[in-house]
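To start, the structure under review is shown below, and the notes come after it.
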């Protein structure tokens with residue numbers, strides 16, 4: 001069995017969130033970088049991107065971050 005590499009997605013908009021979610025559905029750990037700390041916190045707490053993809057649940061394998069060095 002091979003181990004999937006973690007993946008970084010740059011961008012917290014609708015496309016970045018959809019791609020991050022799709023990668024997570026396929027077994028990857030995903031760090032999704034976004035510049036807005038409030039948006040990252042909302043995704044972390046509610047597992048939803050209220051600004052761009054309201055009503056779509058973000059998988060727990062997606063970790064929203066605001067620090068590119070994380």
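The values are calculated or read from the model by the stated rules, or taken from the named source; none is laboratory data. This one's a predicted model, so the numbers in the text were calculated from it and none came from an experiment. So basically every Cβ, Gly included, is an ideal-geometry build from the backbone, and we count neighbours across all protein chains shown.
Miscellaneous remarks
- Every condition in (1) in contact with a strand residue (DSSP E or B) (Cβ under 6 Å, 6 or more places away or on another chain); (2) not in a helix (DSSP H, G or I) is met by residue 5 except one, and the failing one is (1).
- The set of residues in region 41-66 that are under 14 Å from residue 8 (Cβ atoms) and without any contact (Cβ under 8 Å) to a residue 40 or more places away in the chain comprises 61, 63, 65, 66.
- Residues of region 53-70 that are surrounded by 14 or more Cβ atoms within 10 Å (Cβ to Cβ) and at pLDDT below 95: 53 alone.
- Answer residue from region 15-70, given it is part of a helix (DSSP H, G or I) and in contact with a helix residue (DSSP H, G or I) (Cβ under 9 Å, 6 or more places away or on another chain) and is farthest from residue 5 (Cα to Cα) among those: 43
- Unique match (being surrounded by fewer than 16 Cβ atoms within 10 Å (Cβ to Cβ) and either modelled with pLDDT under 95 or within 10 Å of the chain's Cα centre (by Cα) (or both)) among 34, 1: 1
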